[in-house]
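Worksheet: one structure, shown below.
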Amino acid sequence: MNRLATGTLVGNPPISDSESHTNAFACLVDYSERDAAHVHVSGELDIATAPQLTEALDAALTKASLVLVDLSRLTFIDCIGLGAITAGHSRARSSARKLVLSSITAQVHRLLEITGTAARFEIASIAPGAEDAADQIDAGQTFWDRNELVSDHHGAPA
């Protein structure tokens, strides 16, 4: 993805690679030239951190018509976190924008299935290192088959 800006950081970024495996929450928003925003979420998404995600999604939805939410580094999510994502999805739909979840973990998949919300979301499997995820979504090459196994954030089968 071509970055128009270095990104907007919400939360506390990991200080080092070894710390990136901790549960500290962070949200980085990148904007592409294709009217798309890529929201990278990491750490624990819960009652304490959901407002930060809401802030990031609101910012992304005001600047882009497509918001891709990368959940590959999410280590924990509860119903409050899911509520923040669901509310962002509702705001996107009401403003004729699109919010797509990408690279969901096994835990996120399980929560979506248990709560019956999986069918509400478009879920994309973006190829690692993709230059522009918006191109993959526009080409219809990314959408996850709900019957396939989902990998956890370490790449192991669920």
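Observations on the model:
- Residue within the stretch 75-85 that is buried (at least 21 other Cβ atoms within 10 Å of the Cβ) and over 13 Å from the mean Cα position of the chain (by Cα) present: no
- Check on GLU44, charged (D, E, K, R), modelled with pLDDT of 95 or more and in a strand (DSSP E or B): yes
- Here ASN147 clears all of (1) surrounded by fewer than 15 Cβ atoms within 10 Å (Cβ to Cβ); (2) more than 21 Å from ARG34 (Cβ to Cβ); (3) at pLDDT 90 or above except the condition numbered (3).
- Evaluated against (1) in contact (Cβ under 8 Å) with a residue 24 or more places away in the chain; (2) over 13 Å from the mean Cα position of the chain (by Cα), ALA24 falls short on exactly one condition, (1).
- Residue tally, condition crowded, with 18+ Cβ neighbours inside 10 Å, touching a Lys or Arg at 6+ places or on another chain (Cβ under 7 Å) and among the small types (Gly, Ala, Ser), over the stretch 42-74: 1
- Only residues that are under 16 Å from ILE123 (Cα atoms) and small (Gly, Ala, Ser) were counted across the stretch 61-83, and they come to 1.
- Qualifying residue in the stretch 92-104 (condition: buried (at least 22 other Cβ atoms within 10 Å of the Cβ) and assigned to a loop (DSSP other than H, G, I, E, B)): yes
The values are calculated or read from the model by the stated rules, or taken from the named source; none is laboratory data. Owing to the predicted nature of the structure, the values given are computational and were not obtained by experimental measurement. Heads up, the Cβs are rebuilt from the backbone with ideal geometry, glycines too, and the neighbour counts pull from every protein chain shown.
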